[in-house]
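Notes to accompany the following structure.
The values are calculated or read from the model by the stated rules, or taken from the named source; none is laboratory data. In this text the structure is predicted, and so the values were computed from the model without any measurement. Note that each Cβ is placed from the backbone with ideal geometry, even for glycine, and that neighbours are counted across all protein chains shown.
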Amino acid sequence: MSKPSDLPPAGHLGTEIAALAASGERKSFKAGAVIFAAGAPGDGFYVVQSGAVRLTAVVGDNQPRVLATVGPGDFFGEMAVLDDAPRSANAEAEKDTVTLFLGRDALLRLLDARPRLALDLIREFSRRMRALNQKYVDEILQAERLAVVGRFAGTIVHDFKNPLAVIGLAAELAGMADSTTPQRAKAEQTISRQIKRITAMLQELIEFTRPSGQKKLLHSVNFAEFMTPLADEIATEIAPRQVKLLLPAAPPALSVKIDAQRLSRLFYNLVNNAVDAMAGAGGKITLRFVAESAHLRIEVEDNGKGIAPEIAQKLFEPFATHGKANGTGLGLSICRKIAEDHGGRIWAEGKRGRGALFCFTLPLGG
Ligand code: ADP
């Protein structure tokens with residue numbers, strides 16, 4: 001947020017107004033004194049001779065915000081005079097201050113008689129409004145950026161909890177005095193697999209913040225060779241959460257062009273969401289592969305609580321989340337980005353009965 005000293009002066013008088021204001025009544029205020037409060041009638045306007053005046057208003061969060069600080073030669077309090085409405089801000093002497101006060105009627109008479117004065121005032125208003133608009137646009141942009149950073153931090157914590165817990169457990173097992181060589185080897189494998197996963201997640205997050213449309217690196221692979229070990233890995237990971245992974249048919253041995261790490265991420269995101277939607281034991285996730293003319297359709301179906309109507313229309317939008325304490329709403333938007341970067345698309349289908357069904361396509365060949 002800007003410091004008060006960065007704020008534009010409230011208004012600097014054109015020479016005409018300055019000369020005329022000199023005929024105003026001299027009013028002195030001790031440091032801290034209230035010159036007028038919001039809501040008071042707009043009985044006149046002030047020109048600062050010496051000292052400083054702070055103009056504040058209570059905005060949104062109930063905190064008084066400094067709109068401007070006014071020094072010698074500046075004027076304030078003209079708005080309520082011109083639009084005949086109560087004061088919209090508070091004015092307070094920042095230090096011992098001397099002002100010249102011009103009553104409402106006197107000011108209006110002067111404006112009538114001297115159009116040049118009105119022009120001076122209008123110019124000053126537009127300059128002031130522009131400066132104030134810019135200040136608030138800057139503040140809003142900054143607040144939005146901070147909110148996004150906060151959400152990313154939330155995502156990292158949320159998504160990293162699982163692999164970190166697995167690493168912790170494996171390290172503990174490997175470090176036990178009576179652990180055997182095969183047990184240590186298994187722990188080492190687990191740790192390195194989870195570290196790879198964390199690295200992939202970090203890359204994905206970095207990618208999410210990167211502008212899209214960049215060239216992606218895809219490699220031709222046999223889909224079965226990619227999918228079979230991944231399905232095993234996923235099944236192992238979700239087993240402790242009492243959820244089973246079912247593959248009614250083996251993954252087809254078809255050629256597809258993929259970025260293996262990113263496509264794994266897509267599967268993990270869909271599966272983790274499905275697990276989140278399961279109340280407890282008895283959860284089932286079914287993976288199906290349907291070869292169509294030009295693409296392979298992959299279905300991820302669960303028997304969880306189903307997609308809430310509140311979120312159905314914006315599932316794939318970033319930050320759309322519903323019914324989760326730690327949801328960030330990034331998971332499905334990342335899925336969409338990955339599917340589209342592979343030349344495919346992703347959607348959710350209504351399902352009779354309970355549960356959710358997510359489908360995405362991958363172009364065949366390559
Ligand atoms: P997050 O999981 O962080 O909320 P996502 O983008 O991954 O973000 O998901 C958005 C929302 O979609 C979730 O909050 C949830 O309400 C809904 N959703 C996603 N997958 C499922 C599912 N398998 N079953 C029910 N609801 C789901």
Note to self: Any residue at all in region 219-236 that's assigned to a strand (DSSP E or B) and surrounded by fewer than 12 Cβ atoms within 10 Å (Cβ to Cβ)?
What the structure shows: yes
Note to self: Taking the conditions exactly as written (within 19 Å of residue 118 (Cβ to Cβ), among the β-branched types (Val, Ile, Thr) and touching a residue at least 12 places away in the same chain (Cβ under 8 Å)), does residue 70 satisfy them or not?
What the structure shows: no
Next item on the list: Would you check if residue 281 is over 30 Å from the mean Cα position of the chain (by Cα) and more than 22 Å from residue 262 (Cα to Cα)?
Entry: yes
Check: When residue 330 is evaluated against the numbered criteria (1) closer than 19 Å to residue 264 by Cβ; (2) over 31 Å from the mean Cα position of the chain (by Cα); (3) modelled with pLDDT under 85; (4) not aromatic (Phe, Trp, Tyr), which criterion, by number, is the only one it fails?
Finding: (2)
Next item on the list: Count, please, the residues in region 251-268 that happen to be within 16 Å of the ligand (Cβ to nearest atom) and hydrophobic (A, V, I, L, M, F, W, C).
Entry: 2
Note to self: So for region 193-215 (the condition being at pLDDT 95 or above and crowded, with 16+ Cβ neighbours inside 10 Å), does at least one residue qualify?
What the structure shows: no
Item checked: Condition check for residue 255: among the polar types (S, T, N, Q) and surrounded by 17 or more Cβ atoms within 10 Å (Cβ to Cβ) -> no
Notebook entry, point to check: Do we have any residue at all in region 45-63 that's among the small types (Gly, Ala, Ser), under 17 Å from residue 100 (Cβ atoms) and at pLDDT below 85?
Noted result: no
Next item on the list: Give region 166-186 a look and list any residue that's within 20 Å of residue 234 (Cβ to Cβ) and in contact with a Ser or Thr (Cβ under 9 Å, 6 or more places away or on another chain), or say none.
Entry: 166, 167, 169, 170
Check: Only one of 135, 95 is basic (Lys, Arg), in contact with a Pro (Cβ under 9 Å, 6 or more places away or on another chain) and away from the ligand (no atom under 16 Å from the Cβ); which?
Finding: 135
Checklist line | Residue in region 116-138 that is nearest to the chain's Cα centre (by Cα), counting only those that are at pLDDT 75 or above and closer than 21 Å to residue 43 by Cα | finding: 124
Notebook entry, point to check: Restricting region 88-109 to residues that are at pLDDT 85 or above and over 20 Å from residue 23 (Cα atoms), which is nearest to the chain's Cα centre (by Cα)?
Noted result: 89
